[in-house]
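K.L.:
Got a structure here, written out as structure tokens. Questions coming.
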Amino acid sequence: MALVTAAVVVLDCAEPEKLAAFYTELLDARQTDAGSNRVEIKGADGMRMAFRRDVNITPPSWPRPENAFQVHLDFHVDDLDEAELKVIGLGGRPLETKGEPGPHEERGYADPAGHSFTLRAARSTAPKQG
């Protein structure tokens, strides 16, 4: 048995209730715990996330370097276009959705609090490199 196991990914943010609502909808999740400074959710696939209040948080600036990565999440999707519409409809914003011609295998976004994440096609459709 492992000494340490992964438990939950925690994102600091100014408004945990709002950020939890974004990810609850995006991941088809349900809220499992809530307090005055923290909200936890569990996705349909079992992924657990929590959102902790930090009123002095500085949102990430990625891709600009001044306050770039604080955390980065990857999510697998079956349909990038459909997932992109959902992200934007929930208040997320695109960071890197355009690339070279051909099938796009991943696209970058920011959640409403500014945390960056990537949507990746569940199955690669591009030719193998290298």
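K.L.:
Taking 0.36 nm per intervening residue step and subtracting the Cα-Cα distance, what contour gain separates Glu25 from Arg38 on full extension?
P.N.:
Gain in length upon complete extension: 2.9 nm.
K.L.:
Around Ala7, what is the net charge, scoring Lys/Arg as +1 and Asp/Glu as -1 over all other residues with Cβ under 15 Å from its Cβ?
P.N.:
Residues near Ala7 contribute +2 overall.
FYI, it's all coordinate maths here, none of it is from the lab. None of these values were measured; they are calculated from a predicted model. We place every Cβ from the backbone using ideal geometry, glycine too, and count neighbours over all the protein chains shown.
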